[in-house]
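The structure appears right after this line, and notes come after that.
The values are calculated or read from the model by the stated rules, or taken from the named source; none is laboratory data. All of these numbers come straight from a predicted model, not from anything done at the bench. For neighbour counting, all protein chains shown are included, and Cβ atoms are generated from backbone atoms with ideal geometry for every residue, glycine included.
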Amino acid sequence: MNYPVIAEQVLATVQGAWWSRRRRRDDMPQLPPGAVYVLRVGGNYRPFPEGMVFDPAHPDVLDASSVSLVDTRARLVEVERTLPSVSEADNFTVRASFTCQVTDPAVIARQGVIDVTVPLRAYLMGDGDLPRVSAGHRVEEVNAVRTEVGHRMTAYSAIVPPRVAGMSVEFVSAEVHASDDLRDWEQKLRDERRSWELQRGQRDFETQDALRIAELLAQGSDHVDAFGIARKEIDVTEAAARIHRSTGEEAARRHEAEAADRAHARNRETAETQIRRDMLLTLLRQMGGNEYVDYQQVLEQVLRETKSQKASGVGAAADVRMVESGPAHRGGPNPARESSPRPQGGFVKDEDDVVE
């Protein structure tokens, strides 16, 4: 670090008569902003008047054997020192900051302070009690070490202020850093943690988005279409045409289902009616030759047992058929048969009465 002395250059002797002696402008180094010339004339160091236009015939310029460029602006300078920890494998690094500004360029040039960090580092190393602050801590306890080092440096700079001849120096702050290995490890952990948190956030967003879409779909296709139209992702004409088409298809399916239900009911009713008719015909054929049976009561009992809801209609039809079959007895009413006792309750009294 070239501060506060930026550069130094030896000057050649100027030859010639005293009235014609002039130093060439090329012999002098270029002066940057914020810097001044300090000329060595004999054994003395004399700064060239600040703000004065450079005069190649100035006596100091003519008689100078060397020139120094001194930066007079205030600068923030940082110096470092290594501090031990509990483990011998790990160390702390203290970085102390100082504000520096040249107050006497001639003294600075005489001292030849090319790098101000050298005396400041010597000042920082002069605190023999500073290593004791960090020696009892592990490298992971860097935050606690920062606090204690800050307090120690504040007290130390107040009791023993930093001094550099020809400059004003003030202590600003002290920072403590862990070793590079620990810093790399912590950075790796931090990156992994951030990556995991990013993945978890993405999964949470996907879950929330899925729940939102599920709620949207649960409200029906019309709500989905309205949402798409509001976001200008669905055309209104296409949505209306699709809704009209789906409505027509649903009506057609409903009509077909109703027609199928009616046909099934008719077929079932027809089958049940046919079964009852076949049962009645079979029963009537078996009892057609028995003149002691009360057909009306038999039919009513059969209809009750089959739980038919059309007993009266079927019974009436059966009466008609029975009336039509009456002429089978051509001899007219038989007094003997009419005078015979009727079976009780419409049933045959015993098996012998069935056989003629």
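General remarks:
- For the range 47-84, a residue qualifies if it is over 22 Å from Pro4 (Cα atoms) and in contact (Cβ under 8 Å) with a residue 60 or more places away in the chain, and exactly one does: Leu83.
- So Gly112, is it at positive phi and not aromatic (Phe, Trp, Tyr): yes
- Test set (1) surrounded by 11 or more Cβ atoms within 10 Å (Cβ to Cβ); (2) closer than 30 Å to Ser173 by Cα - Glu88 fails condition number: (1)
- Among the residues making up the range 15-31, those that are touching a strand residue (DSSP E or B) at 6+ places or on another chain (Cβ under 7 Å) and surrounded by fewer than 17 Cβ atoms within 10 Å (Cβ to Cβ) are Pro29, Leu31.
- If you go through the range 153-166 and keep only what is touching a Phe, Trp or Tyr at 6+ places or on another chain (Cβ under 7 Å) and either of a type outside the set (A, V, I, L, M, F, W, C) or assigned to a loop (DSSP other than H, G, I, E, B) (or both), you end up with Ser157, Pro162.
- Flag for Thr207 being surrounded by fewer than 10 Cβ atoms within 10 Å (Cβ to Cβ), free of Cβ contacts under 8 Å to residues at least 60 places away in the same chain and either within 30 Å of Glu140 (Cα to Cα) or β-branched (Val, Ile, Thr) (or both): no
- Annotation note: of Gln187, Gln202, Gln219, the sole residue that is over 30 Å from Val139 (Cβ atoms) and at pLDDT 80 or above is Gln202.
- Yes/no for Gly51 being farther than 30 Å from Val139 by Cα, surrounded by fewer than 12 Cβ atoms within 10 Å (Cβ to Cβ) and of a type in the set (Gly, Ala, Ser): yes
- All positions within the range 103-120 that are outside any loop (DSSP other than H, G, I, E, B) and buried (at least 16 other Cβ atoms within 10 Å of the Cβ): Pro105, Ala106, Val107, Ile108, Ala109, Arg110, Gln111, Thr117, Pro119, Leu120
- Only one of the numbered conditions (1) of a type in the set (Asp, Glu); (2) farther than 30 Å from Val142 by Cβ; (3) surrounded by 10 or more Cβ atoms within 10 Å (Cβ to Cβ) is not met by Glu233, and that is (3).
- Single unsatisfied condition, Val169 versus (1) in contact with a strand residue (DSSP E or B) (Cβ under 8 Å, 6 or more places away or on another chain); (2) of a type in the set (Val, Ile, Thr); (3) assigned to a helix (DSSP H, G or I): (3)
- Hits in the range 91-108 - residues which are hydrophobic (A, V, I, L, M, F, W, C) and touching a Leu at 6+ places or on another chain (Cβ under 7 Å): Phe92, Val94, Ala96, Phe98
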